[in-house]
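Chemist: Take this structure first; my questions come after.
The values are calculated or read from the model by the stated rules, or taken from the named source; none is laboratory data. Please read these numbers as outputs of a predicted model, since none were measured by experiment. Heavy atoms of the whole protein, side chains included, go into the accessibility calculation; ligands, DNA and RNA do not. Shrake-Rupley method; radii C 1.70, N 1.55, O 1.52, S 1.80 Å.
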Amino acid sequence: MHVTQAQLEELAAEHLEKAKTAPHNRSAHAVLHDGRLRHTLVALDAGGEIDDHFKPEAATMQVMQGAVTVTWDGGETTIEHGGLYVLPGPTHKVSSAEPSVFLLTTIAD
């Protein structure tokens, strides 16, 4: 399957709208998968957060809009629009002070 930039932008706009009314100010959509490889679009409205969770075997995020902050035991970093980041383990959380969208790529069981 092939997903265009326009389709990703359309999904981003759709899920930012959903995040505004979602209980935890977030919305996600599985975009592509191939075996254990997963690409998931995640939208966080301002104040949105994904609580502490375990990192899969491998995980990166590319911020498509806004900026997100990743916090883990002993550290914190903010990834801005266009940034590509390897997520830390074993656990971390993700939050956003502004409406933001990122593409999460994982290898998981």
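Chemist: For n ≥ 4 DSSP H runs only, could you compute -39500 (n - 2.57) per run for the chain, divide by its residues and tell me the 222 nm figure to the nearest 500?
Modeler: So the calculated ellipticity at 222 nm is -5000 deg cm²/dmol.
Chemist: Further, regarding this structure: Can you give me the accessible area per residue for the chain, using a 1.4 Å probe, in Å²?
Modeler: On the way: 6320 Å² over 109 residues.
Value returned for the chain: 58 Å² of accessible area per residue.
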